[in-house]
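What follows is a short report on a single structure.
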Amino acid sequence: MSQSNEHALEVSKIIDADKASIFKALTDNNIMEKWFFAGPDGWSATVEADVKTGGSYKIDMHSQEETYSHHGEYKEVIDNEKIVFTWNSQAVSDTVVTITLTDVEGGIEVKLVHDFMPNEEMKTNHTNGWTAILDRLAANI
Amino acid sequence: MLDSTLYALSDSTRRSILLSLAEKEQTVNEIAKPYEMSLAAVSKHLKVLEKANLITKTKEGRTITCKMNYGPLTEVEALINEYKHFWESRLTELQQFIEQSKKD
């Protein structure tokens, strides 16, 4: 794994639509259920999200056999711009997901950063960053 | 288990210790040398790393040597890759949903 940025996980997509309709899809519970885990293999999702700063959410993803629950709290919600929420699952607790919407050529860039160490001190030292550790791992396998 | 690994990795001193152990095995004194902190403080960090199974200590006489373990890092990397795939799929579905609803 070779990452030049300080975040271990960052994904983005350019969507040809306006910010308002993307923001709506990211926050309207009924719409969230349609895209969040409505996968092809019989998966579905139930979403209860109170999308406002300090509001909480619960997202259940159902396969035919099991339900995987995720929950957290919205840390920051700026209409049509930015959503920050904590993410708890069976595997991780109090990780933080940040979604930002930015105007770019061809539409809106939806950028998602999942930070697995949100309590880390803010000092950014790239030679000492934790992706350096993962780079070390890659070098040793 | 992953939580304890992530916790152990969340401190820059501990990451720096791990990076130096990735170079070679070292005694506790050797590990402590570059840091302006007490041996006790370094030992505390080593304890956290050991609890997360990121290092193994071996004792020979009075000397304690630390060795890095890559196993837990492999799990962290697998978790990140899993989530990366997960979020990429979510954003793809979001895009498809929005583009489909524009057509309708």
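The values are calculated or read from the model by the stated rules, or taken from the named source; none is laboratory data. Not measured: the values here are computed from a predicted model. Every residue, glycine among them, receives a Cβ derived from its backbone with ideal geometry; neighbour counts consider all protein chains shown. Remember, those area values only see protein heavy atoms, side chains included, never the ligands or the DNA or RNA. Shrake-Rupley method; radii C 1.70, N 1.55, O 1.52, S 1.80 Å.
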| field | A:I59 being farther than 15 Å from B:E93 by Cα, open to solvent by less than 30 Å² (accessible area, probe 1.4 Å) and within 12 Å of chain B (Cβ to nearest Cβ) | value | yes
| If you go through region B:33-51 one residue at a time, do you hit one that is at pLDDT 90 or above, within 12 Å of chain A (Cβ to nearest Cβ) and open to solvent by less than 70 Å² (accessible area, probe 1.4 Å)? | yes
| Pick from region A:122-141, criterion of a type outside the set (S, T, N, Q) and exposed (fewer than 11 other Cβ atoms within 10 Å of the Cβ), ranking: modelled with the highest pLDDT | A:A139
| field | In region B:57-69, residue least open to solvent (accessible area, probe 1.4 Å) [restricted to those that are touching a residue at least 12 places away in the same chain (Cβ under 8 Å) and of a type in the set (S, T, Y)] | value | B:T65
| message | Among the residues that make up region A:85-97, is at least one of them at pLDDT 95 or above, more than 19 Å from B:L91 (Cβ to Cβ), of a type in the set (D, E, K, R) and open to solvent by 50 Å² or more (accessible area, probe 1.4 Å)? | response | no
| task | Provide a single number: the residues in region A:33-53 that are facing chain B (nearest Cβ under 9 Å) and either at pLDDT 95 or above or open to solvent by less than 60 Å² (accessible area, probe 1.4 Å) (or both). | result | 5
| field | In region B:70-96, the residues that are touching a helix residue (DSSP H, G or I) at 6+ places or on another chain (Cβ under 9 Å) and either over 23 Å from A:S21 (Cβ atoms) or open to solvent by 50 Å² or more (accessible area, probe 1.4 Å) (or both) | value | B:Y70, B:P72, B:L73, B:T74, B:E75, B:V76, B:E77, B:L79, B:I80, B:Q96
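Out of all the residues in region A:102-112, which are open to solvent by 10 Å² or more (accessible area, probe 1.4 Å) and touching a helix residue (DSSP H, G or I) at 6+ places or on another chain (Cβ under 8 Å)? Working first, answer last.
Here is the first cut: in region A:102-112, the residues open to solvent by 10 Å² or more (accessible area, probe 1.4 Å) are A:102-107, A:109, A:111.
Matches in region A:102-112: A:D103 only.
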| message | Testing A:N80 on (1) free of Cβ contacts under 8 Å to residues at least 12 places away in the same chain; (2) surrounded by 14 or more Cβ atoms within 10 Å (Cβ to Cβ), one condition comes back false. Which one is that? | response | (1)
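For region B:50-104, what are the residues that are of a type in the set (F, W, Y) and in contact with a strand residue (DSSP E or B) (Cβ under 8 Å, 6 or more places away or on another chain)? It would help to see each step written out before you state the result.
Here is the first cut: in region B:50-104, the residues of a type in the set (F, W, Y) are B:70, B:83, B:86-87, B:97.
Listed by number, the residues that qualify are B:Y83, B:W87.
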| Among B:L94, B:L79, B:L54, which is within 11 Å of chain A (Cβ to nearest Cβ), touching a Phe, Trp or Tyr at 6+ places or on another chain (Cβ under 8 Å) and touching a residue at least 24 places away in the same chain (Cβ under 8 Å)? | B:L79
